[in-house]
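Visitor: I'd like to ask you about the structure that follows.
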Amino acid sequence: MMPAATVRPDDTPIFDPSLLRGLDWSQNTVPFSPAISPLEPGEGLVLRPLCMADINRGFFKVLGQLTETGVVSPEQFIKNFDHMKRSGDYYVTVVEDTNLAQIVATATLVIEHKFTHSCAKRGRIEDVVVSGECRGKQLGKLLTSTLTLLSKRLNCYKITLECLPKNVAFYKKFGYSVSEENYMCQKFFN
Ligand SMILES: CC(C)(COP(=O)(O)OP(=O)(O)OC[C@H]1O[C@@H](n2cnc3c(N)ncnc32)[C@H](O)[C@@H]1OP(=O)(O)O)[C@@H](O)C(=O)NCCC(=O)NCCS
């Protein structure tokens, strides 16, 4: 592996884009009006895996609308990207406005490997965010539905996510329900 400082951000995807192209969208259960899909997310938009060059296309600007991103150097980004890519378990997905060359939405599916349930895989949806000016254009729905289908395609036995109470109704659209289990958390730093 080359040191991060000598790597130039390029269009190498963080996961195999054919996984998105191969999804059976007929299994999507959420209504879209007008109809959009992972292959046709809307005029001037592309839904695809994150690539390194997205650091220069406002990826962090969008993430920053979800939570504190802190200061991330290109070297740190490349190192993390490379780690996630090699693990094969991080499906960081973005929507790009190709006219502006800007990321306008992102969501991530993370796969956790278990010994239980016959060495099953569990999916987790993380970091769902649509940039302020693009909200209400079905992109949050598109990403969530796409990654939920992808988790099935990857043979996850279940998929979970954590969200604020105000977003529960959003995720119920995709078949998620509030679990009886409590979400417990201990924060060491922000
Ligand atoms: C939540 C979020 C991802 C939704 O994305 P979006 O692109 O604006 O939403 P979409 O256009 O795809 O979805 C619209 C549908 O979801 C509903 N919806 C949108 N946000 C909702 C919310 N917070 N709660 C309930 N329903 C919501 C709309 O009413 C609409 O319903 P319809 O299709 O039945 O008409 C977006 O508002 C966002 O980025 N919020 C800030 C970050 C955040 O809170 N992320 C979630 C972390 S768990």
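Where a number appears in this text, it was derived from the coordinates with a stated rule and is not lab data. Because the structure is a prediction, the values reported are computed rather than measured. Note that we place each Cβ from the backbone using ideal geometry, even for glycine, and neighbour counts take in every protein chain shown.
Visitor: Under unit Cβ charges (Lys, Arg +1; Asp, Glu -1), what dipole magnitude, rounded to 20 debye, does the chain have relative to its Cα centre? Spell out each step's value before the answer.
Guide: On the way: 22 positive and 20 negative charges, 90 e Å.
Computed about the Cα centre, the dipole is about 440 debye.
Visitor: Can you tell me the relative contact order of the chain? Whole percent, Cα pairs under 8 Å, sequence separation 6 or more. Kindly include the intermediate steps, with their values, before the conclusion.
Guide: Numbers: 272 pairs, mean separation 40.9, N = 190.
The normalised contact order for the chain reaches 22 percent.
Visitor: Please name whichever of 22, 51, 157 sits farthest to the positive end of the charge dipole of the chain, dipole taken about the Cα centre and charges placed at Cβ: Lys and Arg +1, Asp and Glu -1.
Guide: Among 22, 51, 157, the one farthest towards the positive end of the dipole of the chain is 157.
Visitor: Also: Of the listed peptides 179-185, 116-122, what is their order by residue-averaged count of other C-beta atoms within 10 Å, with the highest listed first?
Guide: Numbers: 179-185: 6.6, 116-122: 11.6.
Those peptides, ordered most packed to least, come out 116-122, 179-185.
Visitor: Something else about it: Would you please report the Å³ per residue occupied by the convex hull of the alpha carbon atoms in the chain? Present the calculation step by step, with values, prior to reporting the outcome.
Guide: On the way: hull volume 27.9 nm³, N = 190.
With only Cα atoms used, the chain gives 147 Å³ per residue.
Visitor: Using packing as a proxy for protection, rank 88-97, 67-76, 106-115 so that the peptide with the highest average count of other Cβ atoms within 10 Å comes first. Walk me through the numbers before you get to the answer.
Guide: Working: 88-97: 21.8, 67-76: 10.9, 106-115: 17.1.
Packing order, densest peptide first, comes out as 88-97, 106-115, 67-76.
Visitor: Can I ask one more? Step through the residues of the range 173-190 one at a time and calculate ³J(HN,Hα) from phi using the Karplus curve (6.51 cos²θ - 1.76 cosθ + 1.60, θ = phi - 60°), rounding each to whole Hz and writing x for Gly and Pro.
Guide: Result, ordered by residue: 4, 9, x, 6, 10, 6, 7, 6, 6, 8, 8, 10, 8, 9, 9, 9, 6, 8 Hz.
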